[in-house]
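One structure is given below, encoded as C-alpha cells.
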Amino acid sequence: MKIASFARFVAPSAALMLLLMALPLAMTFYLSVRNCALQMEMVTVSESTPFGTREVTTQRAVLGPDGRALTTCRFVGLDYFRTVLGLGSGASAASAAAPPEASGAGAVPDNAAQARQQRSTEFIGALRFTLLYTFATTPFVLLIGFVLALAVHHVSRRWQGPYISATLLPFIITPVVGALAIKWLFRDNGFVPYLLSQFGISMFWMAQAWSAQLLIILYGIWHVVPFAFIVLYAGLQSVPQDSLEAARIDGASAWQRLIYVTIPHLAPLFVFVTLIHLMDAYRVFEPVVVLTQGAFTTSVQVLTYYTLLDEQNPYKASAAAVLTTAGIAVLLLPLLIKTWKEHRRG
Amino acid sequence: MTRRTRRGGVFLLHLALLAWTLLACLPIVWTALISLRQYVDAFSVPIRWFAPLTLENYSRLWIEQGFHRNFLNTAIVTFGTVTISLTVGCLAGYALSRYRGLLGFWLLIIALVFRSLPHSTLLPSFYVMFDALGIRNEYLTLIIVLVAINQPFTIWMLRSFFVNIPQELDEAAMVDGCTRFQAFRRVIIPVMWPGVITTGLFSFLLAYNDFLLSSSLVNADKLTMPAAIANAINAESEAFLMQGVAGAVSITIPLIILVLIFQKQIVSGLTQGAVKG
C-alpha cells in the first residue's frame, strides 16, 4: 500500500485520537500549571430593611461586556502539584489554590474548605492503594485463571460451553453493577454477613478501611479472572500434542509435563495477561467509588474524578491527572522496554 | 493412572468448576432474586431463601422514575459509538494491516500507549474544552469521546483480523480494475464480517459499560443507565435502594442475552492477538 492511500485510510481514526486524546492530554499538562479565578470586586450595597437602611460591603464577580463573569488566569507553576502531593507549605498553596469559578471565592464554608484540604494530601494514599490493588490482584488472577483453564480443558467437551458462559458473566457485567452487586451481598443484613454470623463472625464490611479495601480487591479478582481464564484456555488448545506425547514416553509425570512443557509454552500468554491487567488495574475506578464512596480509600482515577466533580477545579484535577500519567508511565516503562528489546532480538 | 482414580479426578474437577461457577454467578443471581422482593424480605435477618415475589421495584423504576429514558439514552450512545467506531476503525485497521512502512508501526505503538492511559486524565481538559465550545451534555459529544477513547483498542483488534486476510485478495480485485477503496469495500469487508462482529461486540461492551465518562460528560435527562444507577450507590432510603437493585438487573439482562448468543465471538475476541502473539 502506498503512503498516500495509507494516510487517507488512517486519517479519520488518527484525527480522532489526535483531537480527543493527544490534544486533551497536552492540555492537561498546560492546565496543571495554571489557575483561573473569578475577578472579584468589593462593592458596598445598601440594604433597606424594615429596621432602616444599612450598608453592607460584599464581594461580587466582575461581569464583562457580554454579561459573563470575568476570570483572571495566571501561571502558578507547581503549586497545585504541591497541594495534590501534600507538600504545600501553607502560604503558597493557599494562594494558588484560590478556588476558581464555580466554588466562588469567599462563599466556601469553612468545613468544605477543610475537607478539601484533607483530600488534597491524598494523592500518595490513592497511589498506594492503586498499586496495592494492582499487585494484590495480579497473582490471584493468573493463578485462579490458570487452574480454571486447566480444569475446563480436562472436562468433557459438552461441559465446556456452559462453564465458559457462566465464567464470562463477571467479566462482561457493567463494572458499576458488578460492584453494586458485591456491595449488596456484603451489606449489613446482606447475604455474606449473615452466613458469617452463623460462624460467630460479625463485621460491617463497608465500615472500615481494610475490609472495604479487601472487598475492592475481591471484586477485582472476581472481575478479571475470566479474562485470564479465556486467554490461557485458548493457549492450552495450542500446546503441541507431540511434545506432551514425547514427554509422556520419556516418563514425565503429569506434574512434570505441566511444569516443563505446558507452562513454558504459555509463558507469553502469562506476560500478555499481566500486561493488560496492569494497565486495567491501574485505572481501577468503579469498585472504589461504589464500595467506599470515596470515604477511606481512593484510587488515582477516583481522586481526579472527585477533584473535578466536588471541587469543580479542573486545574487541581489536572495536576492529579498529570501525576496519574506519570505513574502509569513509570509502571509500564520497564515492561515496554523489555518487550521492545525482545522484539528487536527476535 | 487407573480408571478409578481418573474418574475421581474428573469428579474433583467438576466440583472445583462448580464452586467457581457458583462464586462467579452468586452476586448477580442474588441481586436478581432480591430485586423481586420488598425491602424487608430482601435484607432481612436471618436471610430468607423464599419470600413473596413482586414486580413492584421494576414498575417503580421503569414507570415512575422513567428509567426507559435512561435505557433510550444508553441505546443512542451505544449505537452511535459502535457504528462510528467500526466505520473509522475498519478503515484504519485495514490500512495498518496492508501498509509496511515505519509510520504504521509508530501509529500502533502510540495507540498502545493511549490504550494504557487512564481516562480520568483527559477529563479536566474535556471539561474545559467542551465548556468553552458549549457542547458539554450532548449525546454526540459523549459518542465521539467514547469512539476516540476506544479507537486504540478497536484498530488493534481489527488489524489483527485484517492481517489474516491474504493480500492477494485485494490485489486481484485491483488488477480487475477496482480502486483501493472499492477493493476494501466490495471484497475485503464481505469476508471480514466475523471480525467486524467481534470487534463490534467489544465496542458495544465498552460503550454500554462506561461509567466514568458517561457520568461526567452528560447529566439530567441524558444520563445513560450505568450513570443513572449511581444514585443508588449512597441510597439510604429503602425504596430508592430497591429501585437501584432493579436497575442493576435491568442493565445486566441485555448483557446475559449477549453472552448466550455471542459466546464464541467474545471468546475469539479475547484471544485474538493474544494467542497469535
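General observations
- Flag if B:THR54 is at the interface with chain A (Cβ under 7 Å from one of its Cβ atoms) and either buried (at least 17 other Cβ atoms within 10 Å of the Cβ) or at pLDDT 85 or above (or both): no
- Residues located in region A:27-57, provided they are open to solvent by less than 60 Å² (accessible area, probe 1.4 Å) and part of a helix (DSSP H, G or I): A:MET27, A:THR28, A:LEU31
- From the list B:ALA235, B:ALA228, B:ALA207, the lone residue that is touching a residue at least 24 places away in the same chain (Cβ under 8 Å) and more than 30 Å from B:LEU107 (Cα to Cα) is B:ALA228.
- One residue from B:LEU123, B:LEU112 being at the interface with chain A (Cβ under 8 Å from one of its Cβ atoms) and either outside any helix (DSSP H, G or I) or of a type in the set (A, V, I, L, M, F, W, C) (or both): B:LEU123
- From the list B:GLY177, B:GLY247, the lone residue that is at pLDDT 85 or above and either open to solvent by 10 Å² or more (accessible area, probe 1.4 Å) or charged (D, E, K, R) (or both) is B:GLY177.
- Top-ranked residue in region A:247-289 [being of a type in the set (D, E, K, R) and crowded, with 20+ Cβ neighbours inside 10 Å; ranked as nearest to A:GLY235 (Cα to Cα)]: A:ARG283
- Complete set of residues in region A:134-162 that are free of Cβ contacts under 8 Å to residues at least 60 places away in the same chain, closer than 29 Å to A:GLN213 by Cα and surrounded by 14 or more Cβ atoms within 10 Å (Cβ to Cβ): A:VAL147
- Residue match in region A:242-258 (condition: touching a Lys or Arg at 6+ places or on another chain (Cβ under 9 Å) and closer than 19 Å to A:VAL302 by Cβ): no
- Members of region B:23-52 found to be touching an Asp or Glu at 6+ places or on another chain (Cβ under 7 Å) and of a type in the set (Ser, Thr, Tyr), listed by number: B:TYR39
- If the condition is being open to solvent by 90 Å² or more (accessible area, probe 1.4 Å) and touching a residue at least 12 places away in the same chain (Cβ under 8 Å), then region B:41-50 contributes no residue at all.
- For region A:300-325, the set of residues classified as within 9 Å of chain B (Cβ to nearest Cβ) and among the hydroxyl-bearing types (Ser, Thr, Tyr) consists of A:THR304, A:TYR305, A:THR307, A:TYR315, A:SER318, A:THR324, A:THR325, listed by residue number.
The values are calculated or read from the model by the stated rules, or taken from the named source; none is laboratory data. Values in this document were obtained by computation on a predicted structure and should not be read as measured data. Note: ideal-geometry Cβ built from the backbone for every residue, glycine included; neighbour counts use all protein chains shown. We work out accessible area using only protein heavy atoms, side chains counted, and drop any ligands, DNA or RNA first. Shrake-Rupley method; radii C 1.70, N 1.55, O 1.52, S 1.80 Å.
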